[in-house]
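Enquirer: Starting off with a structure, shown below.
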Amino acid sequence: MVDESVDLGRRGFLRGRRRAEPAPLRPPWSRMDRFTDLCTRCGACADSCPEGIVRRGDGGFPEIDFRQGECSFCGACADSCPEPVFDRTAARPWTLAARIGPSCLAINRVVCRSCRDACPESAIRFALAPGGVAVPTVEDGACTGCGACLAACPADAVTLHPGPETTHAL
Ligand code: SF4
Ligand code: SF4
Ligand code: SF4
């Protein structure tokens, strides 16, 4: 099965995109399926983001970089765009949800709760595992994919996974 994870950790950055890299993550509310057709690469969304997480990526198209911070879902990127790239009527800004991988310190029996402390949605819970150290799990229903936990994790253990594409009007 193809791994569709969006690895935006430092190791992923250092590897570059030569090998089977996942599709870049576009700003929230954007029409992911038609993005490169509709976007003129003007840079307005990147310039408008108060968190500094929208950067020019491959080909000059905007990409989200969670290493710089989290998305507050302020909508500035969508509102600044002069083209029909964004759909603010979409049911959700995007379908991302966090996953925690095997490099997690807690899974390796080192006490850490940085992701839980960073999560504004209280979507990360800890439960005792064999060995006595509590390990994290993400509640998909509560996770908004904001990326706060990714930047907070000292072990590059967090990735964001896209779910089914949101249906857009036109
Ligand atoms: S919604 Fe706001 S914080 Fe999130 S990417 Fe757009 S401008 Fe940046
Ligand atoms: S912050 Fe990272 S290392 Fe720490 S518990 Fe969360 S996922 Fe594991
Ligand atoms: S992506 Fe955001 S909402 Fe989801 S678990 Fe991480 S910090 Fe919480």
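Laboratory data are not the source of any read-out in this text; all were calculated from the coordinates shown. Please read all numbers here as calculations on a predicted model, not as lab measurements. Here the Cβ is made from the backbone with ideal geometry for all residues, glycine too, and neighbour counts use every protein chain on show.
Enquirer: Give the distance, in whole Å, between the Cα centre of region 127-148 and the Cα centre of region 67-107.
Expert: 19 Å
Enquirer: Starting from the 7 Å offset along Cα-to-Cβ, what nm value, one decimal, do you get for the label separation of residue 33 and residue 72?
Expert: According to this spin-label approximation, the distance is 3.3 nm.
Enquirer: Here's a follow-up. Place the peptides 108-119, 50-61, 136-147 in order of packing, highest mean first, counting for every residue the other Cβ atoms within 10 Å and averaging per peptide.
Expert: Ranking, from highest mean packing down: 136-147, 108-119, 50-61.
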